[in-house]
Structure formats: C-alpha cells, structure tokens
Amino acid sequence: MDFATEYATGLLFAADVTEAATWPERGTHGADQLKEPYLQDLLSNQRNYDWCDNRQDVDVAVNGALRATVDYVARRHALSPSSAPGQPRQLWPDLDERLAALANALHFAASAAEKAWPHELDFVLEPWLRRRLARLLQAPTPTEGVGTFEARIRHAVTVTHRYRHVRYELFGDRTWTGRPEASWWCPDDDLAARAPFDGYAHGDVPVYALVLDDASSRRAGELTVCTGRSEEARTYRFVVIDGEPQLPDGCDPAVHEAVTAALTALGVLPALPAPGISDPQAG
C-alpha cells in the first residue's frame, strides 16, 4: 500500500470502533446513510496528494481525511451514544496491529501540521500531543469495555484534528497581518497557547504555552514564555488556590496576567464580565 492508502486505513479503525460501540438496537436510524459518504471522502482525499507541491498543501490534503473521520465518528456516536456490550479484543483479534496503524496515521497528521506551520512553541506542543496520543491509544485492559475504548479512540482522533487547527491559528496569529488580536488556543482541556503578532520577526514579542499538571484536578501547572530570540525559554510554576493563581514572588505582572488569561480560556477560572455589562448578582 502507498502512504495515502495506509493513512486512510489507519483512520478507518476509528470509524470501525465507533460503529461497534454505538450500533443501534432497533433500526439503523440513518446510520447506514453515513458510511458511504465518509468512504467517498477518504477516496477523494487520497487523490488530493497528486497536486501537493509544498508542506502547506500536504497538510491540507492530510487534514481532509482526518476531518472527514472526526465528522463521521461524531455523527455516528450522536445517533446512538449508549455503548454496546463486549470487549475490544473479542471484536478485533488483530487489535494491536489496528491500533498501531491508527497511531501512525495520527502521528502522520500531526507531523504534517508541524512541518506546515512551524512555531517557537514546538518544544512544548509536539511532546504534549505525543504524550496525549500515547495515553489515549493504549491497548485495552482485559476488563475494558467497548464503550470506554471507543471514547478514548474518538478523543485521540478529535484532539489530533484540534491540534492541527491550533498549529495553523498560532502560525497565523504570529505572522499574518490583518488578523484579530491573538487568542488563547486550546486543543484540549489542559493546554492553552497564545502567539501575539510578530510578523516583522523582531523577536521581542513573547509567546505563551500553559500546561496543567492534571486536567482532572486543574489546580497546578506551568507557563512557558519564549521569544524568537536565542535566549532560553522561561518556565513559571503556579498553583490555583481559592480561585486565584499563585506564582513565585517577584514574577512580572505580565506573567500573572498570562496565567490568568490562559486558565480562563481553559475554564479553570470564570470569565470576567465584558466591559459595560453589569453583574446581575451584584448589589
């Protein structure tokens, strides 16, 4: 098989898992009308590689199949979200090989985005995604059911798609004129990154990445700050106590502001009311 076929075959396993976990008990409820368009999307996207002549083109072609897979598993899951009985290895005796193929496909998609949209935060973003995929794509334990296994697979596909989108947006915020003020981009619930405009490549505008230690507790983590200059990145530890981020004494107020904004984007801290809008609970 060529790499385009291998890529599509790897992604197809995610679709198979969602189908197995959500097969309706009474009728197909339209599920049979979803698969054929999805397969046609995969075939169409395989042909897209013929016109690729740069890294950005490859990323667009790769993302087409990934986006189609995310859309399919989301629609299929929405039709019948209750999990089916059984265990993954009973359904797929070659599960280890299928999981490896899916992992290769998602790593390929991530690498295409990284090559297309390089960034000063590569040293934070790239290992973060690899750790996330390694956890989500672990082989199931003997007691894990199809439902929880499917949730992990669906999350892995979705977070890779979000990661590609975040790479694109961070690159755009950093280098393209005419865009709105840079946002905090969150590919998952434990990472927020921001890259203000530095399209003139002066290297004196910092970029930020905040990673929580544990997305479930959401109480501590670290903020990384770096610029395009040669100086080393700086990392600041923080903890959230009584709804307020605490940093080491002497931190620049801009660091505290960045931590607060990132935690707000992640939903750890409540968003502040917009200027001019009164708080209905006040008074």
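Of note:
- Residue in segment 171-187 that is closer than 21 Å to L266 by Cβ, crowded, with 21+ Cβ neighbours inside 10 Å and among the small types (G, A, S) present: no
This table checks each residue for (1) out of contact with any Lys or Arg (no Cβ under 7 Å at 6 or more places or on another chain); (2) loosely packed, with under 15 Cβ neighbours inside 10 Å; (3) assigned by TED's automatic domain parsing to the domain that holds D71; (4) closer than 30 Å to S80 by Cα.
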residue: A116; (1), (2), (3), (4): no, no, yes, no
residue: A139; (1), (2), (3), (4): yes, yes, yes, yes
residue: P142; (1), (2), (3), (4): yes, yes, yes, yes
residue: G147; (1), (2), (3), (4): yes, no, yes, yes
residue: V157; (1), (2), (3), (4): yes, no, yes, yes
residue: Y163; (1), (2), (3), (4): yes, no, yes, yes
residue: D189; (1), (2), (3), (4): yes, yes, no, yes
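- Complete set of residues in segment 1-42 that are under 16 Å from S80 (Cβ atoms) and at pLDDT below 75: W23, P24, E25, R26, G27, T28, H29, G30, A31, D32, Q33
- Here the condition is being part of a loop (DSSP other than H, G, I, E, B), surrounded by 18 or more Cβ atoms within 10 Å (Cβ to Cβ) and among the acidic types (D, E); of D198, D204, it holds for D198 alone.
- Filter result (under 18 Å from V207 (Cβ atoms) and either assigned to a loop (DSSP other than H, G, I, E, B) or modelled with pLDDT under 90 (or both)) within segment 133-186: W176, T177, R179, P180, E181, A182, S183, W184
The values are calculated or read from the model by the stated rules, or taken from the named source; none is laboratory data. Every value quoted in this text rests on a predicted model; they were computed, and no experiment measured them. As a convention, Cβ positions derive from the backbone with ideal geometry for all residues, glycine included, and neighbour counts pool all protein chains shown.
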